[in-house]
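The structure is given below, and queries will be raised subsequently.
The values are calculated or read from the model by the stated rules, or taken from the named source; none is laboratory data. Owing to the predicted nature of the structure, the values given are computational and were not obtained by experimental measurement. Positions of Cβ are generated from backbone atoms using ideal geometry, with glycine treated the same way; all protein chains shown enter the neighbour counts.
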Amino acid sequence: MQEASAQPAHVHAPPEGFIRKHVFSLDHKVIGKQYYALGLLAVCMGMALSWLMRFHLVWPTTRIPGLELLSKAGAPGGIITPEYYLSLLTMHGTLMVFFVLTNAPFAAFGNYFLPIQIGAEDMAFPRFNMMSFWTTFVAFLVLVLAFVIPDGPPISGWTSYAPLSAVGQDAGPGMGWGMNLWGISIAIFCIGSLLGALNFIATTLDLRAKGMTLMRMPICTWAWFITSCIALLAFAVLLPACILLILDRTAGTSFFIPSGLVVSDRLQPHSGGSPLLWQHLFWFFGHPEVYIAILPSMGIVSHILINSMRKPLLSARVIIYSMMSIGFLSWMVWGHHMFVSGMNPFSSLLFSFPTLTITIPATIMTMIWLGSLYGANIRITSASLFALGFISMFVSGGVSGFFLAQPSIDIVLHATYFVVGHFHMVMGVASIFGVFAGTYFWYGKMTGRMMNEKLGQLHFWLTFIGTYCIFMPFHYLGLVGNIRRYSAFVNDFTGPLMPLHKFITIAALCTGAAQFIFIFNLIYSHFKGKPASENPWEGTTLEWSIPSPPPWNNFGDKHPIIYHDPYQYGVKGSKGDYIMQDSPEPSAS
Amino acid sequence: MSSATYPSVRVAASAKVRSAHAEASRSGIWVGICTITMSFMAFISALYVRQGSSTDWTHIVLPRILYFNTLALLVSSVALELSRRALAPVHGSELDRGAVRRGLGCLTATLALGLFFVAGQYEAWRQLAAQGLYLATNANSSFYYVLTAMHGLHLLAGIGALLLVISRLVVAGNRFRRSTFEATAIYWHFMGVLWLYLLLVLRTKL
Amino acid sequence: MGKMFAIVLVIIALASAYPIARHMYVPPEDISTHGHAIDDQLSDTMAEAGFSFLGAQLVLAFFVWKFSERKEGAKLKNFPGGAKLMVTVAFIIVGAEVFALGVLGQKAWANVYFTPPRPDALQIQSQAGQFAFYFRYPGLDGKFGAIHPDKIDEGNQNFFGLDPANDIESRDDIVSGELAIPVNREIHLLMHAKDVGHSFYVRELRIQQDYVPGLDLSVHFTATKIGRYEIVCTQLCGLGHYNMKAYLNVMAQDDFEKWLKQKASEQ
């Protein structure tokens, strides 16, 4: 511990005491790990919910022992009721989209690494940062409370369309206090996310080290920065939407509820509201949200790929500009979730064009990634395998989007398993692969011990093959017309599809089981992992210039000075085939 | 760099860190203003769509006190600017006691006028309720209450910030944290501009 | 491991494409007049998607096979043409695709949504409510009686909330749980939501449209093949959503008239 007079002014004093160090910490690194832990908890819950759902779809009459303890009304005798299936579905989507996909790639890794990668000693507003995590945590608790209350969680899906979500208890089980808790939780989540986004932006703009121009920032930093710009504006729309929804439910207003509705034999006392208004507000947030889910993973994967390939991408700038255009276009396409919603059909065409246009930057990025692999010397590790797997998954998920972007094809595929396959491949798999890749890559830096490579690669193979087995068949089901959000398949045409459903369920359970390898690896490596050196991957960016794990103020007394762009690989450097960003030796010509 | 560096370098480093954070405060407040603007845009778009989706749009007469409230808020911004002038940094030396006193006085006026605004908004609510217009009475009244409540909540946050700045000024005198003061000022002016815009919407649409 | 990645990926890509190439999972036969345009567009998109999918996955596999875990110090090279080539090719190829599918594809959409129903189309009203579809025919007067939500009484089979005592037009209205229509006759289906959002989807008709409470929506179509087709609800509407279905019964004109007379007598 240095004496106070020798230290330059810091953002905050060194933390002392357990609470300040590990609970209410102002350190972006601790906050990043807290977000990661929350994301991990949420993904375990979300995955368990998906197992219950898949199990119920193919073995609806088989008892799941112990499930009645979770919900006496929802799963009497261990058999899931139709309404409880919808509750599981709603909570699965809500947990995964908000608490996993917004938390892990963005809030967790971004919080940890953005300040380090730009040479700052912490975020611009550490107190706001701490508040943003704990706000998100409170939102999580409020949401999970819905499992505990007698009426159970809501049944309106993570999209909570009005009037089903707006009329209150009459709409069905879980639609009383369950739905209220959902609305309150998401509103609180919005506030937490907005605080976080604000921090990311101010930090990136103002706390970069000397020599760290915007274009010298690593690609993942750019991804976090662009994502936070999107999040800043997207969550600012969801919060008003939730407020208006809560008012319709509790204060008798009619923002979303028209007149003359008879729900559960009761004439609803509202009038004049517009259900489509909810959809517009929700999807105006919802579409940028899915780019919030994927962009950080694109950045992380690019970053890891370059390091693994030992050569820079064909153009990092093109990747960055592509991410910016995706971010920009993401605001114009929300209506593609509403092609057959009853909105003006001419609008559907207007939304279709920018939706199809997003294919262009997405294709550019894919071609840059693929083209960069040419002539490389890829080091195969768990991290690089997941990064390569990301490219495969992103292609698969993106290609199915191409169908859904066309309104006339959407007539046939809307609300079928085709849509479910599409968004699971891009969000549920590709984005998560980015998180896995980041974890294997950065775990050593974050904890001081490396993850086990053999287990990591085994985890990769099982997950890569497993997720294809689960989600590729969803597209086939959708083409036949298998409808989504059904708790059972009782249509004439779904009978012949049950063998495929069984295959998917078994694949899901197996792939889920494989994730225990990852969790075991996370815990085991914390205690028994090989000690991590400062730069185990021979990386060039600033996180590899500090100890593993870094000290509380990242760079100690140093204020790094940046001399190079972030990806000087395949060059003759003093330490090997790379030159670090803060090394004064000359760049490759 | 070991801890045995030269004092001038250490001071320079710490000054750099401090100025970077002043910059960050300014960026932060503008970023915050962007997000708040976006959320009000969402509310107002909802207003437009709601108006168009049904034939039940009526008309409410805005309570006259609203205009006095507006005047109070605008004058409070003037007082805040006067405070800023008084507390403007003097090159190379510290502020004298007189400047601090003047700045404090103007800030207190800002705070008082801000509180007057909030009280006046509450009174306007009471007057509407007296006419039988409550939150759920009709679409127009719903938006009136929601928009004024949202603005009021954000203004209360601004009042909180003013209180913080005032207390710091009282305690620390001329060594108060300037960046917080600047950010609060920008925020407060924004609340005024936002209110003017909302008033226009309330007048023309409700 | 790099080579294994390539092999596994190739297997996965080919295995994924196989069911599509063999048409193992396809939409059912199209029985509508407008559907062929949609089906053509679907096929075109599938061909382009298949090409992009296989192309990208196989290139990825090939590059990983060739350029991973080479010996230390192996010469690194860049793809000829570099980023500029990638960007140009992407713009041209994808741009052309986007243009083709977007511009040419809007015709299929226009067929459904931008052409108004013919004046002599048969008007049928459908109501979606938790958790059943009901259909109403206007009867001989050709007019639908008013809907009174407060008069809805499921127990007494008054699903639409009709008031025949006071509304003359509703006296001859025919309510049915199945949607019977004559073949080769344009149908103008009015859509009314009783409680929450629902959706009307008949796979064979290539028609899917949401019911929005408070909005008067409608679709129009012509069925070209006699038979019984399932109508399913595709908008999450509550616990019975999975079971909310009805049947579209396409009949010969004479059979339809007989059915209508029979139904009228049962009201």
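Look at A:Glu543 and say whether it is within 25 Å of the chain's Cα centre (by Cα) and charged (D, E, K, R).
In short, yes.
Next question, about the same structure. Let me confirm something: among A:Phe423, A:Phe418, A:Phe436, which residue is in contact with a Gly (Cβ under 6 Å, 6 or more places away or on another chain) and on the phi < 0 side of the Ramachandran plot?
Being in contact with a Gly (Cβ under 6 Å, 6 or more places away or on another chain) and on the phi < 0 side of the Ramachandran plot holds for just one of A:Phe423, A:Phe418, A:Phe436, which is A:Phe418.
Further, regarding this structure: Can you pull out every residue in the range C:222-266 that is surrounded by fewer than 14 Cβ atoms within 10 Å (Cβ to Cβ) and over 22 Å from the mean Cα position of the chain (by Cα)?
C:Ala252, C:Gln253, C:Asp254, C:Glu257, C:Lys258, C:Lys261, C:Gln262, C:Ser265, C:Glu266
Same structure again: Kindly establish whether A:Tyr440 is hydroxyl-bearing (Ser, Thr, Tyr), over 25 Å from A:Val58 (Cβ atoms), within 14 Å of chain C (Cβ to nearest Cβ) and in a helix (DSSP H, G or I).
Yes, satisfied.
A:Gly211 fails exactly one of the following numbered conditions: (1) farther than 23 Å from A:Asn553 by Cβ; (2) more than 14 Å from chain C (Cβ to nearest Cβ); (3) surrounded by fewer than 24 Cβ atoms within 10 Å (Cβ to Cβ). What is the number of that condition?
Looking at each condition in turn, A:Gly211 falls short on (1).
Continuing with the same structure: Go through (1) touching a strand residue (DSSP E or B) at 6+ places or on another chain (Cβ under 6 Å); (2) at pLDDT 95 or above one by one and return the number of the condition A:Gly573 breaks.
Status for A:Gly573: all satisfied but (2).
Let me ask something additional. Against the condition touching an Asp or Glu at 6+ places or on another chain (Cβ under 7 Å) and charged (D, E, K, R), how does A:Asp170 come out, does it pass? If you could, list the steps in order and put the result at the bottom.
Working: touching an Asp or Glu at 6+ places or on another chain (Cβ under 7 Å): no; charged (D, E, K, R): yes.
No; evaluated as a whole, the condition is false for this residue.
Of these, A:Leu49, A:Leu57, which one is under 25 Å from A:Ala187 (Cβ atoms) and surrounded by fewer than 24 Cβ atoms within 10 Å (Cβ to Cβ)?
Exactly one residue qualifies, and that residue is A:Leu49.
Which members of the range A:161-184 meet the condition of being surrounded by 24 or more Cβ atoms within 10 Å (Cβ to Cβ) and either part of a helix (DSSP H, G or I) or touching a residue at least 60 places away in the same chain (Cβ under 8 Å) (or both)?
Scanning the range A:161-184 gives A:Ala162, A:Pro163, A:Ser165, A:Ala166, A:Val167, A:Ala171, A:Gly172, A:Gly174, A:Gly178, A:Met179, A:Trp182, A:Gly183.
Give the range C:156-182 a look and list any residue that's out of contact with any strand residue (DSSP E or B) (no Cβ under 7 Å at 6 or more places or on another chain) and touching a residue at least 40 places away in the same chain (Cβ under 8 Å), or say none.
C:Asp172
If I ask for residues that are within 14 Å of chain C (Cβ to nearest Cβ) and either over 23 Å from A:Trp222 (Cα atoms) or more than 33 Å from the chain's Cα centre (by Cα) (or both), which ones from the range A:550-572 would you list?
Answer for the range A:550-572, where residues must be within 14 Å of chain C (Cβ to nearest Cβ) and either over 23 Å from A:Trp222 (Cα atoms) or more than 33 Å from the chain's Cα centre (by Cα) (or both): A:Val571, A:Lys572.
Also: Are any residues in the range A:238-256 within 14 Å of chain C (Cβ to nearest Cβ) and of a type in the set (Gly, Ala, Ser), and if so, which ones?
Passing the criteria: only A:Ser254.
Then there is this: Out of A:Ser259, A:Ser274, A:Ser264, report the one residue that is crowded, with 24+ Cβ neighbours inside 10 Å, within 14 Å of chain C (Cβ to nearest Cβ) and over 21 Å from the mean Cα position of the chain (by Cα).
Answer to the check: A:Ser274.
How many residues does the range C:181-219 hold that are of a type in the set (A, V, I, L, M), over 19 Å from C:Ala121 (Cβ atoms) and more than 7 Å from chain A (Cβ to nearest Cβ)?
Start the filter on the range C:181-219 by keeping residues that are of a type in the set (A, V, I, L, M), which leaves C:181, C:183, C:187, C:189-191, C:193, C:196, C:202, C:205, C:207, C:212, C:215, C:217, C:219.
Narrowing the set further to residues that are over 19 Å from C:Ala121 (Cβ atoms) leaves C:193, C:196, C:212, C:215.
Among the residues that remain, those that are also more than 7 Å from chain A (Cβ to nearest Cβ) are: C:193.
The qualifying residues number 1.
Suppose we filter A:Pro531, A:Pro499, A:Pro536, A:Pro547 for residues that are within 14 Å of chain C (Cβ to nearest Cβ) and surrounded by fewer than 23 Cβ atoms within 10 Å (Cβ to Cβ); which single one remains?
A:Pro499
Which number in (1) assigned to a helix (DSSP H, G or I); (2) away from chain C (no Cβ under 14 Å) marks the one condition that A:Met451 misses?
Against the list (1) assigned to a helix (DSSP H, G or I); (2) away from chain C (no Cβ under 14 Å), A:Met451 comes up short only on (1).
Kindly provide the set of residues from the range A:10-39 that are in a helix (DSSP H, G or I) and surrounded by 19 or more Cβ atoms within 10 Å (Cβ to Cβ), ordered by number. Reasoning before the result, please.
Kept after step one, since they are in a helix (DSSP H, G or I), are these residues of the range A:10-39: A:18-23, A:28-39.
Hits for the range A:10-39 are A:His28, A:Lys29, A:Val30, A:Ile31, A:Gly32, A:Lys33, A:Gln34, A:Tyr35, A:Tyr36, A:Leu38, A:Gly39.
Considering only residues of the range A:374-390 that are surrounded by 24 or more Cβ atoms within 10 Å (Cβ to Cβ) and facing chain C (nearest Cβ under 9 Å), which is farthest from A:Gly438 (Cα to Cα)?
A:Ala376
Being without any contact (Cβ under 8 Å) to a residue 40 or more places away in the chain and in a helix (DSSP H, G or I) is the filter here, so list the residues in the range A:324-344 that pass it.
Residues satisfying the conditions are A:Ser325, A:Ile326, A:Phe328, A:Leu329, A:Met332.
Of all the residues that make up the range A:231-255, how many are part of a helix (DSSP H, G or I), crowded, with 22+ Cβ neighbours inside 10 Å and touching a Gly at 6+ places or on another chain (Cβ under 6 Å)?
3
Condition first: within 7 Å of chain C (Cβ to nearest Cβ), free of Cβ contacts under 8 Å to residues at least 12 places away in the same chain, crowded, with 23+ Cβ neighbours inside 10 Å and part of a helix (DSSP H, G or I). Can you find one or more residues in the range A:394-405 that meet it?
Scanning the range A:394-405 turns up at least one residue that is within 7 Å of chain C (Cβ to nearest Cβ), free of Cβ contacts under 8 Å to residues at least 12 places away in the same chain, crowded, with 23+ Cβ neighbours inside 10 Å and part of a helix (DSSP H, G or I).
Across the range B:163-206, which residue is modelled with the lowest pLDDT among those that are more than 28 Å from B:Leu147 (Cα to Cα) and of a type in the set (S, T, N, Q)?
Among those residues, the one meeting the criterion is B:Asn174.
Taking A:Tyr569, is it over 25 Å from A:Val43 (Cα atoms), out of contact with any helix residue (DSSP H, G or I) (no Cβ under 6 Å at 6 or more places or on another chain) and buried (at least 20 other Cβ atoms within 10 Å of the Cβ)?
Values: over 25 Å from A:Val43 (Cα atoms): yes; out of contact with any helix residue (DSSP H, G or I) (no Cβ under 6 Å at 6 or more places or on another chain): yes; buried (at least 20 other Cβ atoms within 10 Å of the Cβ): yes.
Taking the combined requirement at face value, the residue satisfies it.
When the residues of the range A:81-108 are filtered to those that are crowded, with 24+ Cβ neighbours inside 10 Å and part of a loop (DSSP other than H, G, I, E, B), which remaining residue is farthest from the other protein chains (Cβ to nearest Cβ)?
A:Leu101
If A:Tyr486 satisfies every condition in (1) assigned to a helix (DSSP H, G or I); (2) more than 30 Å from A:Gly32 (Cα to Cα) but one, which is the exception?
So A:Tyr486 meets the others, but not (1).
Let me ask something additional. Out of (1) farther than 22 Å from A:Ala362 by Cβ; (2) assigned to a loop (DSSP other than H, G, I, E, B); (3) within 7 Å of chain A (Cβ to nearest Cβ), what's the single condition that is false for C:Pro119?
Among (1) farther than 22 Å from A:Ala362 by Cβ; (2) assigned to a loop (DSSP other than H, G, I, E, B); (3) within 7 Å of chain A (Cβ to nearest Cβ), C:Pro119 violates only (3).
From the set of residues in the range C:227-267 that are closer than 18 Å to C:Ile124 by Cα and β-branched (Val, Ile, Thr), which is farthest from the other protein chains (Cβ to nearest Cβ)?
Taking the candidates together, the pick is C:Val250.
Just give me the residues in the range B:58-75 being assigned to a loop (DSSP other than H, G, I, E, B) and surrounded by fewer than 16 Cβ atoms within 10 Å (Cβ to Cβ), in sequence order.
Residues satisfying the conditions are B:Thr58, B:His59, B:Val61, B:Leu62, B:Arg64.
Ok, one more. Being exposed (fewer than 15 other Cβ atoms within 10 Å of the Cβ) and in a loop (DSSP other than H, G, I, E, B) is the filter here, so list the residues in the range C:29-58 that pass it.
If the condition is that a residue be exposed (fewer than 15 other Cβ atoms within 10 Å of the Cβ) and in a loop (DSSP other than H, G, I, E, B), then C:Glu29 is the only one that fits.
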